[in-house]
Structure formats: C-alpha cells, structure tokens
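*Asks:* Quick one: structure below, then a few questions.
Only the coordinates and a few stated rules stand behind these numbers; no lab work does. Just so it is clear, the structure is predicted and the values come from calculations on it, not from any experiment. Don't worry about glycine lacking a Cβ; one is built from the backbone with ideal geometry, like all the others, and counts go over all protein chains shown.
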Amino acid sequence: MSRVLIFIVLLLIFTFGCQKNDKADIANGVNLVRNNSKVIITPIESDLLGIEFSVSGEILDNSVEVLDNGTLTIVKRYENETIISIASNGVSGLGVVLNNIDSKVIVKALQKVSNMSVNDLNIKRVGEKLLGDFNQDNIVDIADFIMFSESFGKSNLMYDIGPATKGSGNWKDIYCFSAPDGVIDLNDLVVFAGNYGKIGLTELPIVVDAITIIGKNSIETNVKIGDTKNLSAVASLSDNTSTSNNIRWESTNTQIATVVNGIVTFLNEGTVTIKASSQDKSDSINFIITKKEDEKPKDPEEPEIPENNDVNIYYYSTTGAPTIWAWELNGKSISELMGYTWAGQPTMEKVPGADNWYLFTIPENIGPFDKSLSIKLNQTLELTKPSVTTGWYKDGKWTDNNPDGPQIPTISPSPAGASFTSATVSVTLNIHGTNVTTMKYTLDGTDPKTSSTAVSFTSGTKITIGSDMDYGSSKTLKIYALNSEGEVNKSYVYNKVKEVIVPTGLGALYTNTATVFKIWSPDTSNVVVNVAGTDYTCTKLPDENGYTNVYGVTVNGDLHLTEYQFKIKGKAVRDPYGVMINKNNKKNIVIDMSKTEPDGGWVEKPEFINREDAVVYEIHVRDFTLDSTSGVSEANRGKYLGMVETGTTYNGVKTGIDHLKEMGVTHVQLLPIYDFSTEMYNWGYDPENYNIPEEQYSAHAATEYVKRIKEFKTMINEFHRNGIRVVMDVVYNHTYGDEMFEDITLQYFTGNDDSGCGNGINTGVPMVSRFIRDSLEFWVKEYNMDGFRFDLIGIFHYSAVKEWGEYLNVQKYPNRNLLMYGEPWNGYWLEDPIENQKVRMGSVPAIASGHIGVFNGKYREDIKGDNDGKRMAYMFNQPTSWWGAIAAGMRGSLVATKSTNVLPDMWDSMFAYDPEQSINYISAHDNYCLWDKIVYSGATGGATGYAGRVAKFGIGMILTSQGVPFLHGGDEILRSKVYNGDWKYAHNTYNAPDAYNKVYWNLKVENKGIFDYHKDLIKIRKENPGLRLTTWDEVKSRMKTEINHASAGTIHCVNNSSLPDKVVVSYYDNDNNVNNGYELAVVYNPGNDFNISLPDGNWVKIFDANGAVNKTDKKCEGTAVTIFKKQ
C-alpha cells in the first residue's frame, strides 16, 4: 500500500473516529488552574463521585491539600506516575490543591452517569495501557495521529504497537497488550484505528461505608489501671468488600489511656473513649478506669516501658507529635506489615507523665528483625538506628535508655589520652551520673574494679602522669565507676615522646592518642570545632606546604567514631575534607582508616603498561546488577559487592564481573560513588561530600561507617583480583547546593553559571585547586583508585588540571599509570571571559605533561551525528563536519604540528599531543545510548539487520582508533533506555525509575552476535600493538592512512584516488620495523562493498561485519570495519 493511500485511510479514521465516545462523559466536569507550581482542581458540575488525577513522576502526599468536602482515598505509585483519588463527602466544595507540582497533571471527574452505577465505571488493571496514546494525554486523538503518520513505514519502537490484543472487563474493546514486530506497518495501523477516540480508563476511589469495632457489645468496659485490651475493627467498603487495614485508633485522653494498633493501655483513673476510624466513618467504645487496691502512683517523670518484647521507639519533640513511617533498611516495610499506608501514617503517642516524649510501638509479632531501623517523621526527617530495638532519640542521637532519667556513669578525663613532650601531664578525672557510689582508677595496668592498688577519687580530682616514665614509653589510665543504674570501665593511653608527630593535610587527622582538626578559613579567624559536644577554639596555623589561612586545634584521646563539626563565625559547616558523616545531623565522623582495610589486605593491581592499552567500560553500580537476570544474589543486587560477585549467569551466559572479564575490558568507570544528595534513583551528579562513599550502594546501615568503607574497598580489591582497574567519576565542578561551602567562604565558587547549576567551583583560587588535588590523592592513596573521569573538566583552569596530573602521575605515583580525563566543556555557559584559560580541546596539548585526556566529542558526532536528534553522520553513510574528520579521529586526533602550545582554535578536531589524550567514544550515560540513537534516527531491521550493522560499525571505529576506547555499559548487548515503548526518559535517564535504567541481561542472549563482535575486536586490539601507538611520533611513522582527497597530506594522510568516496584505510607497523612493511590494515567503509588492493604479501581477512573470521578474499563490506593481517 502506498504512503498516500495509507494517509488517506488514516485521515478517514480521524474524520469518523472523532465521534464522541459514550464513556467519555466521565472525563468532563472539572476545572484545572495552574499557578506556577500550584495546581487547583475544582468541579464545574455537581453530584460528583470524586476527582481522580495523575501526576508524572512521584509526588509526596503532603503536597496534596484536599478542600472542604473531599477525602483522600487512593494513592497508587507506578513506574512513572502517581495516581490519586479524592472521594466526595457532599454535593459542593469538592476540590484539591497540589503544591510544588511542575510536571503534567491529567484530571478526571468521576460522575454518576444515567443508567450506570458506581460499579459499572471502568476499572484499570496493572499492565493495561491505552495503545496509540503516544503523547500520554489519556486519549488517542489527532495529536497522536500526526506523530504516528510521520513514523509509518519506519522502525521506531515508540510507535510499534501492533499486533496487539484487547483487555478484559471494561477494557474488552480497547487494545492494551502489545507484541511489537519491529516495523510500523498495517498491524500498527489496525491497532491505532481500533483505539482512535478512546480514553484510558482509571480506577474509582473506594469509599468506606461503615466502621465496626468487633464484639463491642461483649467487651468489659469497667477496667483497672494497668489493664490492657486488644481491640480490632473492620471497615465495610463501597465495593462490597471489607478490610482491617488503614484503621486509625484514637484515645480522647491519653493521660487516661493510650491505644496503639488497637491495643489499649489504661494508665490512670477516669473515663475515656477509644475511637476507630477510616476516612469519615468511625465507631467508638467507652471505658471506666479505677485504681487497683494498694496501687502506688506512678513516677510522673519516667516513661513506663512495657514488659514485653515489643520494640518501643521514643522521640523527643517540642513541636508536638510527629507522624512516623518505619522500615528495615534494605528490608521489609514495618509500617506496611502493621497495616499502615504512606497516606495513612500513624501519629506517635504522647508518653504519659513525660513532657515532650512520644512513643511508637512495633509489636513483637512483626519481627524478627536482622537489619538496621529507618524511620521518617512527618514524611521528611529520616533517622537511622543500627538495630530494630527499643531506643530513645533526643538532641541528634540515639540512646539505649531514657536520657532524661537516671544514667549510668560517664567517664571523661581531660585530656582523654595524649602524647606529651613535657616531663609530666596533668589529667582531670571527670565523672558524670546519678548518685555515683564508686569511683576508682589504676595506673599499673590492673582492673580498678577488683585491684587492691586501685585509688578512690571524686569527680574533678587532678592526677599527674609521667614522673616515672621514660621518653618513648606509655602508661594506661584505667577508670571504674558504679551507680544504681550500672557500671563503666574505661582505659586511656598516655605516651611520653620527644616530639609529637602531627599528620599533614586538612580535615580530621587521626592518631590513636589525638586528632588534629584543620580547616581553610580565609575570611575570618572565628573558627571553632565541636568534638563530642565540646567546643574547641581553632587558632591560625603557619602557612606551609602550599596551605594558607588554615585554622586548627589538637584534641587528645582516641576519637575514632567521634562526631565533630566546624563552626565558622558561629555557623555549623561540614568538613570539606571529611571522610565520613552522619547523614541525619550533618556532623562529620572521625575515622581510624586503618580499621577499614579489606580482609586479607590489598592484592596486586592488574598489570597496565601504557594508557593506550586501556578499554574503559562505564556503568552505574545500581544499574549493573539490580535486575534479577543479573544472577547476582538478592542481597548484593544494586550494591557495591554486586559489582564483583563472580559465578553469575543468565540462561548459560556470563553476567556481572564475569561478563566484563569475558569481554576483555581493562577498566570499569563507575558513575559517582562518593556521597551525593538525591535518593535513588539518581546518577549522582549532585555531590555533597567528596571524600565519603555513597551509602545507598552499601548493604550496611548508614551508621555502620567502618563497614561501609571496608565494603567499598573490598569492591575495588575484588576488581583488581579479577584483573580490572577502577576509574571514579568525580564531580568537583559544582556542589549540590551552595550550603556546602558558602558558610566557610564564597571563594570556593566562581559566582557564574558555568556549571549549569549556578554554583561552579573556582580552581583559580589556589586553596580550592589544592582541595581538589588533595581529594584525588586521598582516593588514590586510601582506596587504591586507578583513575578519574572529571565531569565538566572544562570549568577548570587548565593550569590547575595540569598541576594535578603532574603531581599524581609524575611526582607521587608515577608507576600507577592513573587514567585522568574529562569533558572539555562547561555547562553550556557561552560567556566565559577567560575561556582561553580553561580546559578545551585547544588547550589539551598544554596539559599533556600531566597525562590528562578529554572526551573526543567531535569524533563522536562525526561518527554518529547528533546526540538526541535524528541527524546522522558517517556510520549511517551521511556527511561529517569536514572532509578529514574520520581519518583524523582514526589517527588519535593528533595535532597537525607537534607542539604543547595552546591551539588558536579552542575546538580544533586535531587537538591531542599524545594519543592517550583522546578518549574515543560513541555514547555515554548522557543522551541516547547507542541503540536508542540508531533506532530513533530511523534505522530498521533490528539487531540482525541494518540497524545492528550500524551499531557494530560505530563501535568498530571506536575500538580501532588510536587513543583510549570508551564503551557505555550495555551497548555491547544493545541496551535500551526505552521502557515499554516510552521514550520520554531515554535521552536523559538521570532520575528515571529503575525500569528505564537497569541492565536486562536477557539482552546478552538475544544479541549474542553483537557481544561477540565486541569481544573479538577487543582481543584483536590487544594482540596488535599498531592499534595502540603511544606517541605523536609513533603514529606519524608507524601508521599510514589513505583517503580519496587532494588535501590528505595536510593531516598526515595519503591521497588514494582509487578508493571509494568516504572510505578510510590505515596500515600499521605492528613490529616496530617499518622497513619490512606493514602487518595490519583496517578499512572503514560506510558505503557499498568493494575489493581492496593491498600491499604485497600474504594477507588474510581476520575481522569483518560478523566479527572474527579467517578468509582470503579482499572484500570490504559496506557499513563495516574490515581488518586484514599479513601472515
């Protein structure tokens, strides 16, 4: 059928399909007004059953404000939308206000329709989808018709909706289940026509008709103080079902009785009403409480702890009772198991007789628990507790007993352990606690609790240590204290030394006897550090070793795991050099890093001679193993240790790290793994703490600081054990928010929008540049990192970047061969007045001495075209930006004239002084991944047809060009970020749901030929030194490139007029002896097949469009890389 006829048919469908759908009445009758990020929805017509609306993405329930006569009844969260229903409680006043909503809102009024009851209205089932609704406005109409007609006859997954089947029930006349066949044809036309004019059907709110307390008439209502009653209730629903979930229990007087999940505890004399409710329905029961005989009054200051195995969470609040949501970290939702929903969260109960204390009880039968506890208060404040056990939270910390009640003694000598150079040191013995009856100490190593040499003392006693000590010796002070609440026994070490050795650098510099705290403060001398609740004034230290305006103080004692926080002019700030943090209160943690080493110690790093030997594979920790097809154990999926779990397979093919080893990559580049701000899902380009591993990839609780660091180091160590090095994606170019540095000094920032985030980092300030260099060295030295990928390295001064590289790669770690490279552009800020001082392609020669490279964006776009559009280039046999683009890129994009001077053109395609400076890639985490770009551009035929051939051709050029090849994880199995035909996230999935981002390992089975192509070509690259030349001079002397162009000589190529147009051929001296000719030939051919005339010798074809081969013909197929080798 011709396209003209097809469009006539589509036009007829449109003309006759615009007739009103009988069931469209339920979509009328509402007003929607948007005012910036506020959306107000009100009815036009009366007698509404309710309002339903959907919002793209996930929204918080506290963004929904129900007006007057409405009740929030349903909240459903799907992969990419939130659906909320509001039921009417009356005829007028129904409405809703949505706050902080920037995404699309689709609204339906739920009306009574003539001859139709509530139960007749349409119900949507999970998985049913209105096929043909391409713009997702919940109706198939002219807008979808236009989109569909433009793609007819092409291969675009978004519009491939046929063949399809219809649903059931009220979906029986709607096509909703698709089985795509790879091309937009009559099958898709039939489905589109069948759904034209139809709307998507959604769920109605389910209304509570009545609440009944079970057995109310038989419950004894005359009770005694201390008694309990276990009540239960049931809600009768409008859909003729009933439920015991989402029942809210309330006491009219919590001084008399409390109720938690139906369990009533009677506390004092009086009368009380216990109420069970859901939505606007309720039932209640009255109790009379009297005193037991001889009962003594309770202590009004002490919360009563129930004598059972329930978990009681006490929270101190001066602003009233918060709502609470509880779950085991990386485990089950405790609140859901207790029958609550996110929308119907319980309010913590007031603890009788204890001002400002509130209680939430987790019943014993909900357990057992084996992970840490996380709770969220008022849907905002998140707190983490190391275990699901009874605890009190006050003033930013958990305690195992009531901090307002009697306490076991606490011991705090001053100094608490120290290294001293004087003859003696005076130590004050401080004891705190209620009615401490025993206080004793020893200095001879014996236990003061039982030792006959123990000396009794009172709090505040001063003792002298050191008079009987020689220099180089140590003495242990042991202190014991006892009261009615318990006992405590502590030890402190004092070292007599001739010189105190202070660690260098900034931050919290730990030793087991003292920690030095240092921070840069160029604007003020008002600097304090609070350590474990005590303020210490910092003094200005001498400028040395490149550090200026540093303030610091030494605090004695073993401070491992102690919280600290700097304060600048009275404002609390985080330590930019901090190696750990409490995410709840934003205080840093002192860490003894010697306790974080991998079990068994570090293994040898994989051998790596030249940077050009690298094959880099970029991946996100969560994406790589989250899906069950990864074969990774459930506990490790999406986690650090999932990255290195060996022995995993899917349907007989290797997955995970074994997949990487099979393919032959040398380096894995991990998207940001430092501590970033946003909760999953996110790529992590929103840094908060540069020197701390991200907790969301850890299998341990956020407060298990040592375990997290050790787990991270174990991942690096296991990569090394398996022959793979690790590159870290770092984002020093901006911070998540100004708050990270602004209260220290604004000198950290450029003050420009050069990052695209408004808070770019200024490497023109020496101490800011030094901070980045120190952070890089910290990851190299402490975590054994093998390289860095710099996000937006173009924001930085190239002189600073050069200095980092020279320091790390030449001065300090010359044998590590660290990979260091980045994006030579800024956040698309086009007005940088000092651009000539920044990292650009044109300034790359000037940073060659630091072994710094950049992503070769010019070569990428000359190979594939644009990143998010349909413009095509060389791999599609379409034009490039200039005649020599592919030949120059194949030769490593080397400068035309050997020099380390900055180039006149800051965006010159020939920019590298050394091949290692050209990071060659065709796709990365940004923009469309390779397969999506190919499909979106209109290539057809699927993985085994033309589209798959284009994918191999593009990758083939990356893996055979001089420089460092870089692969985006999943391209080797044709990974797509289009999920269920939805393209809306595909070009930028930084915060899209997991379904769009995670790697589906079944693709390796389905696209085995593509994977084998990668594996074969990486092997050939490793076996042939000519593909990995290491200097400008080597490329010039050991590689000959031929093209059909008269000006070929100007870019060190040879003009060969016998070659077809656009073909590029290179010959390589594999054995470093050009006098005996070339041993390898690589051909790039985007056009028709042709036979090549090779130099004299016995040449064998070893690679073509299908992968590794062994053939004697000289055919060079079109849309293919072909490789010949001389025998």
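*Asks:* Return the sequence-ordered ³J(HN,Hα) values of the range 1053-1059 in whole Hz as given by the Karplus equation 6.51 cos²θ - 1.76 cosθ + 1.60 applied to θ = phi - 60°, using x for Gly and Pro.
*Replies:* Rounded to whole hertz, the list is 10, 10, 7, 10, 5, 7, 6.
*Asks:* Same structure again: Arrange the following residues from fewest to most other Cβ atoms within 10 Å of their Cβ: Asp1061, Asp173.
*Replies:* The order, fewest Cβ neighbours first, is Asp1061, Asp173.
*Asks:* When only DSSP loop residues count, what chymotrypsin sites (Phe, Trp or Tyr not before Pro) in the range 816-852 have their Cβ near at most 16 other Cβ atoms within 10 Å?
*Replies:* Here the chymotrypsin sites (Phe, Trp or Tyr not before Pro) that fit, given the DSSP loop and packing criteria, are Tyr828.
*Asks:* Still on this structure: Please give, to one decimal in nm, the separation of the simple spin-label points placed at Lys540 and Lys291, each 7 Å out from Cα toward the Cβ.
*Replies:* Computed distance between label sites Lys540 and Lys291 equals 6.9 nm.
*Asks:* Could you give the distance between the Cα centres of the range 605-672 and the range 890-935, to the whole Å?
*Replies:* Each part's Cα centre sits 26 Å from the other's.
*Asks:* Which whole-Hz couplings ³J(HN,Hα) result when phi for each residue of the range 966-980 is put into the Karplus expression 6.51 cos²θ - 1.76 cosθ + 1.60, θ = phi - 60°, listed in order with x for Gly and Pro?
*Replies:* For the range 966-980, the Karplus curve yields 10, 10, 7, x, x, 4, 6, 10, 6, 4, 10, 9, 9, 10, 6 Hz.
*Asks:* Could you pull out every residue, at least 5 positions away or on a different chain, whose amide H is within less than 5 Å of the one on Asp754? Hs are placed 1.01 Å off N in the peptide plane, and Pro or chain starts have none.
*Replies:* Gly760
*Asks:* Answer with one residue from Val264, Ile213, Asn245: the one whose Cα lies farthest towards the positive end of the charge dipole of the range 208-293, charges on Cβ with Lys, Arg +1 and Asp, Glu -1.
*Replies:* Highest projection toward the positive end goes to Val264.
*Asks:* In whole angstrom, how far apart do the alpha carbon centroids of the range 1012-1030 and the range 962-995 sit?
*Replies:* Rounded to whole Å, the Cα centres lie 25 Å apart.
*Asks:* What is the list of residues in the range 1020-1051 whose amide nitrogen lies under 20 Å from a point 7 angstrom out from the Cα of Ser1093, following Cα to Cβ?
*Replies:* Answer for the range 1020-1051: 1040-1049.
*Asks:* Separation of the range 430-475 and the range 807-845 by C-alpha centroid, Å?
*Replies:* 58
*Asks:* Of all beta bridges DSSP finds with both residues in the range 1036-1126, what is the antiparallel percent, to the nearest 5?
*Replies:* Roughly 90 percent of the DSSP beta bridges within the range 1036-1126 come out antiparallel.
*Asks:* Which order results if Cys929, Cys538 are arranged by neighbouring Cβ count within 10 Å, fewest first?
*Replies:* Cys538, Cys929
*Asks:* Ranked from highest to lowest mean number of other Cβ atoms within 10 Å per residue, what is the order of the peptides 958-967, 594-603, 440-449?
*Replies:* Final packing ranking: 958-967, 440-449, 594-603.
*Asks:* For a quick check: with amide H placed at 1.01 Å from N, whose amide H comes under 5 Å from Met439's, ignoring anything fewer than 5 positions away on the same chain?
*Replies:* HN-HN under 5 Å from Met439: Phe457.
*Asks:* Calculate the tail of P(r) for the range 439-499: the fraction of all Cα-Cα distances greater than 19 Å, expressed in %.
*Replies:* 35
*Asks:* Can you tell me the length gained on complete extension of the stretch Ser244 to Tyr828, counting 0.36 nm per residue apart and subtracting the Cα distance?
*Replies:* Working it through step by step, the gained length comes to 204.7 nm.
*Asks:* Please list 3J(HN,Hα) in residue order for the range 159-166, calculated via the Karplus relation 6.51 cos²θ - 1.76 cosθ + 1.60 where θ = phi - 60°; whole Hz, with x for glycine and proline.
*Replies:* Result, ordered by residue: 9, 8, 10, x, x, 8, 10, 8 Hz.
*Asks:* Right, next: Looking at the range 463-508, which chymotrypsin sites (Phe, Trp or Tyr not before Pro) are DSSP coil and have at most 14 other C-beta atoms within 10 Å of their C-beta?
*Replies:* Tyr471
*Asks:* If each of Asn867 and Ser426 carries a label point 7 Å out from its Cα toward its Cβ, how far apart are those two points in nm?
*Replies:* 6.5
*Asks:* Sticking with this one: Set the Förster distance to 60 Å, then compute FRET efficiency between Lys1111 and Asp137 from the Cβ-Cβ distance, nearest 0.05.
*Replies:* 0.65
*Asks:* Taking just the alpha-carbon atoms of the range 611-1013, what radius of gyration and Dmax come out, in angstrom?
*Replies:* According to the Cα coordinates of the range 611-1013, Rg and Dmax are 20.3, 58 Å.
*Asks:* Still on this structure, please answer the following. Between Val902 and Gln255, with labels modelled 7 Å along Cα→Cβ, what's the label distance in nm to one decimal, could you check?
*Replies:* It works out to 7.6 nm between the two label points.
*Asks:* Report the rotationally averaged projected area of the range 970-1110 based on its alpha-carbon convex hull, in square nanometres.
*Replies:* Mean projected area for the range 970-1110: 12.2 nm², to one decimal.
*Asks:* Is there a quick way to get the dipole size of the range 410-496? I mean about its Cα centre, with the Cβ of Lys and Arg at +1 and of Asp and Glu at -1; what is the value in debye to the nearest 20?
*Replies:* So the dipole magnitude of the range 410-496 works out to roughly 100 debye.
*Asks:* What span do the alpha-carbon atoms of the range 590-643 cover on each of the three principal axes, reported in whole Å from largest to smallest?
*Replies:* Cα extents, longest axis first: 39, 35, 22 Å.
*Asks:* Right, next: Please give me, ordered by residue number, the trypsin sites (Lys or Arg not before Pro) of the range 475-538 that lie in loop per DSSP and have at most 14 other Cβ atoms within 10 Å.
*Replies:* Listed in order of number, the matching sites are Lys498.
*Asks:* Still on this structure, I have one more. Ranked by Cβ crowding within 10 angstrom, fewest neighbours first, how are Trp520, Trp1099, Trp882 ordered?
*Replies:* Final ranking by Cβ density, sparse to dense: Trp882, Trp1099, Trp520.
*Asks:* Another question about this same structure. Non-local amide H neighbours of Phe1103 (under 5 Å, H modeled in plane, Pro and chain starts lacking H): which ones?
*Replies:* Sorted by chain and number, the residues that satisfy this are Val1109, Ile1123.
*Asks:* Let me ask something additional. Nothing charged except the Cβ atoms of Lys and Arg (+1) and of Asp and Glu (-1): what's the magnitude of the dipole of the range 611-1013 about its Cα centre? Round to the nearest 20 debye.
*Replies:* 1380
*Asks:* Provide the gained length on full extension for the span Ser387 to Gln747, in nm with one decimal, where the gain is 0.36 nm per separating residue minus the Cα-Cα distance.
*Replies:* Value of the extension gain: 125.4 nm.
*Asks:* Which residues does the label zone of Val1100 cover in the range 1006-1027, counting backbone N under 20 Å from a point 7 Å along Cα→Cβ?
*Replies:* From the range 1006-1027, the list is 1013, 1015-1027.
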